[in-house]
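Below is one structure, written out as structure tokens; the observations come after it.
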Amino acid sequence: MKIISIVGARPQFIKLAPLSEKLHTNHQEVIVHTGQHYDFAMSQQIFSDLGMRNPDYHLGIGSGSHAQQTGDMMKSLEDVMLKEKPDIVIVFGDTNTTLAGALAASKLTIPLVHVEAGLRSYNKEMPEEINRVVTDHISEFLFAPTTSAAGLLKGEGLEDRTYITGDIMVDTIKQNLPVAMEKSTIIHDLDLENKEFNLLTLHRNYNVDNPQVLSNILGQLDDLGELIIFPVHPRTKKVLEDSGLDVKNIVLTIPLGYIDFIVTEQYSKRIITDSGGIQKEAYILKRPCITLRTETEWLETVNEKWNLLINPSDKDICDKILSFSPPKTQKDVFGTDVSLKMARIIDSIKG
Ligand code: UD1
Ligand code: UDP
């Protein structure tokens, strides 16, 4: 079969990598990069860290308002689909790239696979919630990362199209961590040898777009009195540049490559984040995770008590962080050999 895989944002490259390797055995795969993320550290660095081949198409869409970005992507993706005539299209996660790819494929009646289906925050302030609900409902094949995601899909009448595959990011991290631990010099480069540190990331619109909200979060975290390494997402950087931030304990860096980032996660004392993918990686690497959000799509990590949700507008963030301690054990909730399971399901689709 001919398959088009559509990616555009950092976490999508990380989700595609292990699946792309497997698809090559039996199919012709065309990789399309929408260009939603374009900084070297957010895109090319990740491709090269993961040993991925260059995309067959780079649409160069870039940033913009939601409608503009999604609409521009849809037009260019439709051109590629009409030219390539794929048997199936695969989209990943819940970004505007996901939505644009899903809508373009579905209007051309090309069977659609959604990797990471069935996640819900029930928070419509998140553009991702709209993207994932629409994508799930127009996809033919829903790859659910967890049993709770499959349960949510069942509740929406989508049981017949649901496959519980496990979470694809498990494969990426398991394949790359041993080499990363050998190869990466990031702990030395950031002068973290023999030091305890927290790892912080923030990029959710409701946490970073308003400079006062962002300053309140960073001010409280600075008061923790512990070293915090903060690779700054470009969305957050834009806001920080205008905010005149003054912190003592927080070390700002550019976004790290994937290899360096997973090593930094592995060595961290705890991870503080609002990222979806990083909540999962913290769980897989058994690092205590603090999620600065009022809800999460990754319910199992909270139910297993390895992930603590803290409302970012709370005034006692430090006390809550300091009193959080996960249990000694945890259940496997994200599965194994996920890309292989996905590839087998795709192999069985009649082109
Ligand atoms: C996007 C996804 C989000 C995902 C995140 C992963 C949507 C609606 N959001 O959020 O679900 O969790 O990616 O990181 O699709 N920018 C740069 N350089 C870049 C990319 C972005 O400077 O390479 C800046 C631009 O000013 C841009 C802003 O960051 O306007 C936001 O980028 P965008 O892709 O719209 O959303 P993210 O916040 O990255
Ligand atoms: N990541 C990275 N460098 C960084 C921060 C994150 O390589 O500086 C990786 C991280 O390991 C994870 C993914 O990016 O696999 C998470 O992406 P992000 O937080 O941008 O988006 P989300 O998962 O919230 O959609």
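The values are calculated or read from the model by the stated rules, or taken from the named source; none is laboratory data. Everything numeric here is computed off the predicted structure, so don't read it as measured data. Counting neighbours? That spans all protein chains shown, and the Cβs are built from the backbone with ideal geometry, glycine included. Surface accessibility is based on the protein's heavy atoms, side chains included, excluding ligands, DNA and RNA. Shrake-Rupley method; radii C 1.70, N 1.55, O 1.52, S 1.80 Å.
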How about Lys328: which aspartates and glutamates have a C-alpha closer than 13 Å to its C-alpha, ignoring those fewer than 8 places off in the same chain?
-> Glu304
Kindly provide the helix-only [θ] at 222 nm of the chain, computed as the sum of -39,500 (n - 2.57) over DSSP H runs of four or more divided by all residues, to the nearest 500 deg cm²/dmol?
-> -13500 deg cm²/dmol
What shape does region 275-331 have by the C-alpha gyration tensor, where a ≥ b ≥ c are the square roots of the eigenvalues, rounded means a/c under 1.5, and otherwise prolate means a/b greater than b/c and oblate the rest?
-> oblate
Hypothetical label at Val179: residues of region 247-275 whose amide nitrogen lies under 13 Å (7 Å Cα-Cβ projection) = 258-260
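Counting only protein heavy atoms, what percent of the accessible surface of region 1-121 is carbon or sulfur at a 1.4 Å probe?
On the way: 2170 of 4390 Å².
Answer for region 1-121 is 50 percent, counting heavy atoms of protein chains only.
Quick check: from the Cα gyration tensor, does region 112-268 come out rounded (a/c under 1.5), prolate or oblate? The partial results should precede the final answer.
Numbers: a/c = 2.89, a/b = 1.52, b/c = 1.90.
It comes out oblate by the Cα gyration axes.
Got a number for carbon plus sulfur as a percent of region 254-329's accessible area, 1.4 Å probe?
Taking all protein chains in place, region 254-329 shows 55 percent carbon and sulfur surface.
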Cβ-placed point charges (K, R +1; D, E -1), dipole of region 104-198 about Cα centre in debye, nearest 20 | 320 debye
Please work out the average accessible area per residue across the chain, using the 1.4 Å probe convention, and give it in Å².
-> 43 Å²
With a 1.4 angstrom probe the carbon and sulfur portion of accessible area for region 134-187, in percent, totals 55 percent
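Once the piece of chain linking Lys154 and Lys286 is laid out straight, how much longer is it, given 0.36 nm per residue of separation minus the C-alpha distance between them? Please list the in-between numbers first.
Numbers: separation 132, 0.36 × 132 = 47.52 nm, distance 2.99 nm.
Here the answer is 44.5 nm.
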Listed pairs Lys124/Lys350; Lys183/Lys305; Lys154/Lys237; Lys2/Lys75; Lys154/Lys320 exceeding 30 Å between Cα atoms | Lys124/Lys350; Lys183/Lys305; Lys154/Lys237; Lys154/Lys320
Would you work out which of Leu99, Ile229, Asn249 lies farthest towards the positive end of the dipole of the chain? Charges go on Cβ: Lys and Arg +1, Asp and Glu -1.
-> Leu99
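Apply 1/(1 + (r/R0)^6) to the Cβ-Cβ distance of Asn194 and Ser348, taking R0 = 45 Å, and write down the FRET efficiency to the nearest 0.05. Each step should come with its number before you reach the end.
Numbers: r = 51 Å, r/R0 = 1.14.
Step by step, r from the Cβ atoms, then E = 0.30.
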Take the Cβ-Cβ distance between His66 and Lys315 as r, set R0 to 45 Å, and report the resulting FRET efficiency rounded to the nearest 0.05.
-> 0.90
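Counting only Cα atoms, I'd like the Rg/Rh figure for the chain, Kirkwood definition for Rh.
On the way: Rg = 19.7 Å, Rh = 20.7 Å.
With Rh from the inverse mean 1/r over Cα pairs, Rg/Rh is 0.95.
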